[in-house]
Amino acid sequence: MAEKKEIKIGLLGCGQIGTGLIQLLQRQSKFIEKRTGLRLKICRVLVRDPVKSRQGGINRKLLTTNAENILRNQEIDIVVEVLGGVTAPRRLILDALKSGKHVVTANKAVLAEHGPEIMQMAYHCRKQVHYEASVCAGIPIIRSIREGLLANKIDLLMGILNGTTNYILTRMAEQGQSFAEALKEAQQKGFAEPDPALDISGMDTAHKLAILSTLTFGTRLRIKDIYVEGISQIDLEDIKNAEEFGLVVKLLAIGRLVDNKLDLRVHPTMIPKTHPLASVRQEFNAVYLHGDAVGPMMFTGKGAGPLPTASALLSDIIDLASSLSANRQDILTIENIYWGNKKIVPISRTKSEYYLRFPIIDKPGIIGKITTTLGRYGISLSGATARLAPERFGLGHVRVITRDALESDIRRAISEINRFHIMRGKAVAIRIED
Ligand code: HSE
């Protein structure tokens, strides 16, 4: 057992996540001290507005609007960054490292976009950066991949990494709610980003996939290496159709090794109802992966919200504090982090099954015309149905499920079909994974 030691923390940001961390630390500090011998103390808290009313009995004397009061405070060992955004947090994290502080952050955007620069600085300054809270909040996925699964070669990661979009898709599928209504609820519950466009566009998921893929595949990634499609185009019609085919629509992050190249993408995906990820509902997140020794495995839990995020932040703080208290230097070199550079598979060369929906004017020979065009691009089908609107003669949808097809072939076939005058709207294409 390590000798009792007080570790002092400076907190950058006191929004919902910062407040959650303060509350959780108040609740658990006695227990943590008993289990680890560590006394964790938040000494200063950087805020924009010190007079704003805050929950959780925060001592106002700790509040400051000047980051220097934290970065230059010789007593502070660990800086915890929960600000959100990219430019200011990047600068503050780099400054904290240069000022001799270890860093714990929940900021996925900063790590996805500036991870190599931050890790390089941490190594240069002989400091540690911990980021469990940046992906899947309460699920200890970073630690599991970094430590628990280190003996495995992982060749597949599939995840539901965004609570807001999973909440929206669940509410649309189960309650028939509109997209806008479901988003409003997610915002009220504190899952959504201050700018929810980051959630909806799939960028938040892409940031998290970049972090997990770097860790899993050891490769230095740029965010543009990831193909990203969000959920704003998802129609209730396609969610209902998925149900008929025994499928569920999820926004998935996929990282897959194909012939030693990396296929990285984020897009709405249909998965069979029997897939383990299909049962992950509401704001819950999950990571499904395959390791060569352990086989398939799934981690699930709350991926958004103040307390689940605080749980991950606090576990990082305890981990760091234990290493400081034991005088351990757990410093990672750049080679420890980026150990396996890989080429990226362009999206046009990826293959998958597809659900396609063609909104049509109901005329003789239409299904034949569509399937013949698909066939000309080498796309074979495992299912096809037509649904006509009985109340309005002349309107309908042709829906098909393809076998594995090359993305570039699907795009060319669709663009040809979209030009037929039997079409009364654009075709919808959603990839299927099993
Ligand atoms: N907006 C994010 C989500 C918060 O909905 O998952 C957690 O990163």
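Max-minus-min Cα coordinates of segment 1-140 on each principal axis give 41, 37, 33 Å, with the largest extent listed first.
Look at the dipole of segment 209-252 built from charges on Cβ: of G230, T216, A242, the Cα furthest out on the positive end belongs to T216.
Size of segment 361-434: Rg and Dmax of its alpha carbons, in Å, are 12.4, 37.
The lysines whose alpha-carbon is closer than 28 Å to the alpha-carbon of K369, local same-chain residues fewer than 8 away aside, are K240, K351, K426.
For segment 254-398, the percent of C-alpha pairs falling in each 10 Å distance bin, counted from 0 to the bin holding the largest distance, reads 8, 19, 26, 23, 12, 7, 4, 1. Charge tally for K261 (other residues, Cβ to Cβ under 12 Å; Lys, Arg +1; Asp, Glu -1): 0.
Calculated on the alpha-carbon coordinates, the convex hull of segment 60-160 measures out at 136 cubic angstrom per residue. Taking amide H atoms as placed 1.01 Å from N in the peptide plane, the amide H of V258 lies under 5 Å from those of D263, each 5 or more residues away in sequence or on another chain.
Would you mind pulling out the separation of the Cα centroids of segment 234-312 and segment 172-204, in Å? So the separation of the two Cα centres works out to 17 Å.
With all pairs of separate Cα atoms included, segment 117-215 yields a Kirkwood hydrodynamic radius of 15.5 Å. A Förster radius of 22 Å combined with the Cβ-Cβ distance from L150 to L406 puts the calculated FRET efficiency at roughly 0.05. Between R419 and R91, the simple spin-label model (points 7 angstrom out along Cα→Cβ) gives 5.1 nm. I need the helices of the chain that pass two filters: whole DSSP H segments spanning 18 Å or more by Cα along the axis, and mean Kyte-Doolittle score no lower than 0.5. Span-like helices here: 203-217, 306-325. Dividing the convex hull volume of the alpha-carbon atoms in segment 5-45 by its residue count gives 54 Å³ per residue. Summarising the overall dimensions of the chain from its C-alpha atoms, the Rg and Dmax are 24.2, 82 angstrom.
Of all aspartates and glutamates in the structure, those lying under 19 Å Cα to Cα from K363, and not within fewer than 8 positions of it along the same chain, are E391, E416.
When the inverse distances between all different Cα atoms of segment 320-366 are averaged and flipped, the Kirkwood radius reads 17.4 angstrom. Between the beta carbons of R72 and R143, assuming R0 = 35 Å, the FRET efficiency works out to 0.65 to the nearest 0.05.
With the highest mean first, a sort of the peptides 75-84, 30-39 on other beta-carbon atoms found within 10 angstrom per residue produces 75-84, 30-39.
Computed across segment 184-273, the Kirkwood hydrodynamic radius from all distinct Cα-Cα pairs reaches 14.4 Å. Estimated at 0.36 nm per residue, the fully extended path between E185 and R387 surpasses their Cα-Cα distance by 69.5 nm.
If you take the beta carbon distance between R222 and F245 as r and set R0 to 35 Å, what does 1/(1 + (r/R0)^6) give as a FRET efficiency, to the nearest 0.05?
0.45
Debye-formula intensities of segment 220-340, expressed as log10 I(q)/I(0) at q = 0.18, 0.20 Å⁻¹, are -1.26, -1.34 (one equal scatterer per alpha-carbon, no solvent).
Just to be sure I understand: of the beta bridges DSSP finds with both ends in the chain, what percent are antiparallel, rounded to 5? Taking every DSSP beta bridge within the chain, about 70 percent pair in antiparallel fashion. Helix-only mean residue ellipticity at 222 nm, the chain, DSSP H runs n ≥ 4 weighted -39,500 (n - 2.57), per residue, nearest 500. What is it? Value at 222 nm, helices only, nearest 500: -11000 deg cm²/dmol.
Read the figures in this text as sums done on the coordinates, not as results from a lab. Please read all numbers here as calculations on a predicted model, not as lab measurements. In this analysis, Cβ positions are derived from the backbone assuming ideal geometry, glycine residues included, and neighbour counts consider all displayed protein chains.
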